[in-house]
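The values are calculated or read from the model by the stated rules, or taken from the named source; none is laboratory data. Small disclaimer: the values here were computed from a predicted structure and weren't measured. Every residue, glycine as well, gets a Cβ built from its backbone with ideal geometry; the counts of neighbours run over all protein chains shown.
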Amino acid sequence: MTNKTPEDKFFELAKVDGPIAESSIAEVYDQLSPAVPENLIGKWQGSSFDTGHPTHKQLKDFKWAGKDFRSVDDVDPIMVYQEDGSRKWLQKFGNARLREVKFRGKVSAAMVYDNLPIIDSFRRVDDKTVVGAMDNKMLPKETGTYYFYLSKL
């Protein structure tokens, strides 16, 4: 029997269609390597894990498309799908920037919102996939961490 890598475990979790335990994602997230801010430049498709976190439903309602990183200092953090299928920046959440931040014991790429107390910390799965963990100071601690992933377009 072979041991599965954290990357293998992530891809198994990403295939789950339905509720999933936050602890399952957190365990894999903690084992993944740090992401590098410059490697996030580009357009990314967003996907969400259904852990019962309220942000999962909110982003579904928004028709979340992902994130656009033009540079480390210029990020559109919430892109949504329009009726015609094109992507549009959801302006009410403002912009963001990338920095290296220590979260859950590792220094890694993190997206810091300009106007909101939110930080998304990323871990690398492969060259085209990262997992994000959202630290949102506006939500009660017992809400937990919102986990999502991005795939490079």
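Condition check: over 21 Å from D127 (Cα atoms), touching a helix residue (DSSP H, G or I) at 6+ places or on another chain (Cβ under 6 Å) and acidic (D, E). Does D61 satisfy that? Step through it out loud before you land on a result.
Working: over 21 Å from D127 (Cα atoms): yes; touching a helix residue (DSSP H, G or I) at 6+ places or on another chain (Cβ under 6 Å): no; acidic (D, E): yes.
When the stated conditions are applied, D61 does not pass them.
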Exercise for review: Quick one: which residue in G42, G52 is in contact with a Gly (Cβ under 9 Å, 6 or more places away or on another chain) and modelled with pLDDT of 95 or more?
Suggested key: G52
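Within segment 56-66, identify whether any single residue is of a type in the set (A, V, I, L, M) and in contact with a strand residue (DSSP E or B) (Cβ under 8 Å, 6 or more places away or on another chain), and answer yes or no.
Initial filter on segment 56-66 (of a type in the set (A, V, I, L, M)): 59, 65.
Within this subset, residues satisfying the condition of being in contact with a strand residue (DSSP E or B) (Cβ under 8 Å, 6 or more places away or on another chain) are 59, 65.
Yes: one or more hits.
Hey, among V130, V80, which residue is farther than 30 Å from T5 by Cα and touching a helix residue (DSSP H, G or I) at 6+ places or on another chain (Cβ under 9 Å)? Don't jump to the end; show me each part of the working.
Values: V130 fails: farther than 30 Å from T5 by Cα.
V80 is the lone residue from the list that is farther than 30 Å from T5 by Cα and touching a helix residue (DSSP H, G or I) at 6+ places or on another chain (Cβ under 9 Å).
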Study note, to complete from the structure: Of all strands (runs of 3 or more DSSP E) fully inside segment 72-153, the set with 1 or more residues that are closer than 21 Å to H53 by Cβ is 74-81, 96-103, 106-113, 118-126, 129-136, 146-152
**Study point:** Residue count, segment 1-54 (criterion: surrounded by 13 or more Cβ atoms within 10 Å (Cβ to Cβ), closer than 13 Å to Y149 by Cβ and of a type in the set (D, E))
**Key:** 2
